[in-house]
1. What is the pair-distance distribution P(r) of the stretch 1-138, computed from all Cα-Cα distances in 5 Å bins starting at 0, with each bin given as a whole percent?
2. May I ask for the angle, rounded to the nearest 10°, between helix 349-365 and the longest principal axis of the chain, with both axes built from Cα atoms and the value confined to 0 to 90°?
3. What is the antiparallel percent of DSSP beta bridges lying wholly in the chain, to the nearest 5?
4. Mind pulling the angle between the C-alpha long axis of helix 371-383 and the longest principal axis of the chain? Nearest 10 degrees, somewhere in 0 to 90.
5. If the reach is capped at under 17 angstrom between alpha carbons, list the aspartates and glutamates near Lys103, excluding any in the same chain fewer than eight residues apart.
6. What number, rounded to the nearest 500 deg cm²/dmol, is the helix-based mean residue ellipticity at 222 nm of the chain, given -39500 (n - 2.57) per DSSP H run of at least four residues and division by all its residues?
7. Express the C-alpha Rg of the chain as a ratio against the empirical globular expectation 2.2 N^0.38 Å, rounded to two decimals.
8. Within the stretch 414-498, which trypsin sites (Lys or Arg not before Pro) sit in a loop by DSSP and count at most 15 neighbouring Cβ atoms inside 10 Å?
Amino acid sequence: MERIIIFDTTLRDGEQAPGCSMTLEEKVRVAQQLERLNVDVIEAGFPIASPGDFESVRQVSRSVSKPTVAALARCVEADIDRAGEALEGAEKGRIHVFLATSKIHREHKLKKGRAEIIKLATDGIRRALSYRTDVEFSPEDASRTEPEFLREVVEAAIDAGATTINIPDTVGYAVPAQFAELIEMLISKVGNIERAVISVHCHDDLGMAVANSLAAVKAGARQVECTVNGLGERAGNCSLEEVVMGIATRRDFFGVETDINTRQIMNASRLVSTVTGVQVPPNKAVVGRNAFAHEAGVHQDGILKKKSTYEIMRPEDIGLASGHLVLGKHSGRHAFRTRLEELGIHLDERHLDHAFDEFKRLADKKKEIYDEDIEALVREEVEEVPEIFKLVGLHTTSGMDVTPTATVSVDVAEEGVKTDAAIGDGPIDAVYRAIDRITGIRCELRDYSIHAITGGKDAMGEVALEIASNGFSERGRAARTDIIEASALAYVAAVNRLVKRMRNGAQPEEKLHGM
Ligand code: KIV
Ligand code: ZN
């Protein structure tokens, strides 16, 4: 059976989405999980865009050995040189150059004619080849490019040496039948097409990214670009888990396969949701909480008689243990460690001890502990937040007809415990004002979200937030059964990161968005 190359761009296109930024350490963890998932290519960043993206490509290149690591570049010398440099440590590296080809982009964004576009693209590909033999070219906005011109660009790109030609539906405009026709046209009309792999990269603006990618596969595309949980610019990209399970579940129709270890899908989905703070909707195909939940009586009856009456995929195929309940009050350290490993979380002894203590504390408050609870617990361990400020005391009052008030105590490194109080619009506002008074750093709260990690009144609430001060922004996250405590801990974690970056002399980051 022919194999489809899975090119994951969670760390590049996914991370480009608002509110999805990841720290370097988080990107490396995601890359290692993508390696366990067995993706073929990891696009780790756009090195010229920011020092953070450059470092991401560099570190990911050194942290994984099996997948190819790709770096994005415009067809501009400085971009390509930076991508080549970032990939130096990669065993298998790919430079992915792109240039818009559609009339609207040529005339309004690039202000260049067709001949100039072909020259820029081919010069870019040749320069990329001076660094790596594996070069991918993307004619950006391909689905809105005049088909005859697209054919000409693709042929020239392959002649120049591109080994993968990626056809992006940059603005999510394509529909499956038409997109499949475009791929068929390229396969039949591009004279040298057999010298390159055809790839597709679909966005989800009309909710058709997965359908368009699958239609392209049926038409002959052999690489799919996708992201975990479908993250990405605007409405996102083709979702990895959906396209992979689509190909696996309907092998009868597509007649192709991927090398993905589908049992690692749930771990990848949870990890990406954790590090980005973007929740997976409960009804999301494949990885949503309800994807395998059967509510209707008639369905439950069928499932009990024969699972395949209403189940087209088995939960265990995506790494979902049957039944979510994992551990309780009486579980020991060994069971805790085993479950962590099953979840793809590897802690050293020191972090394991601390996480186990937290687990026991939680088990005293919460009867049933689920995978999601365990992940939230160890998240704070793995994140390695510097502890310049440590929350040691918290008291709030609020209610109807009461001015919300908070008294907060923070242990400040080398200064000792400081206590201050503030009033606010609500108890959380009051807590944040009191923390600002203690730290002496006035922070703007840019984003704040809270969700219950599991169902039940005793569920832990997880707070994810972003703060900004002096041109820097940082994120923080914490989960507790007390949501005000979680809010305070998340805020202090973000302040600690902010201070660490400022002390390290980092420059406020301006990321390049003009593509
Ligand atoms: O959507 C797009 O066109 C892209 C390209 C850089 C491949 O992300
Ligand atoms: Zn894209």
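1. Reading the bins upward from 0: 2, 11, 20, 21, 18, 14, 8, 5, 1.
2. That helix lies at roughly 60 degrees to the long axis.
3. 50 percent
4. 90 degrees
5. Glu116, Glu140, Asp141, Glu146, Glu148, Glu152, Asp169
6. The per-residue figure over the chain is -12500 deg cm²/dmol.
7. Normalised Cα radius of gyration, the chain: 1.05.
8. Answer by residue number: Arg442, Lys457.
The values are calculated or read from the model by the stated rules, or taken from the named source; none is laboratory data. Predicted, not measured: the structure shown is a model, and the values here were computed from it. Here Cβ is always computed from backbone atoms with ideal geometry, including for glycine, and neighbour counts include all displayed protein chains. To get the accessible areas, we keep the full protein, side chains included, count just its heavy atoms, and leave off ligands, DNA and RNA. Shrake-Rupley method; radii C 1.70, N 1.55, O 1.52, S 1.80 Å.
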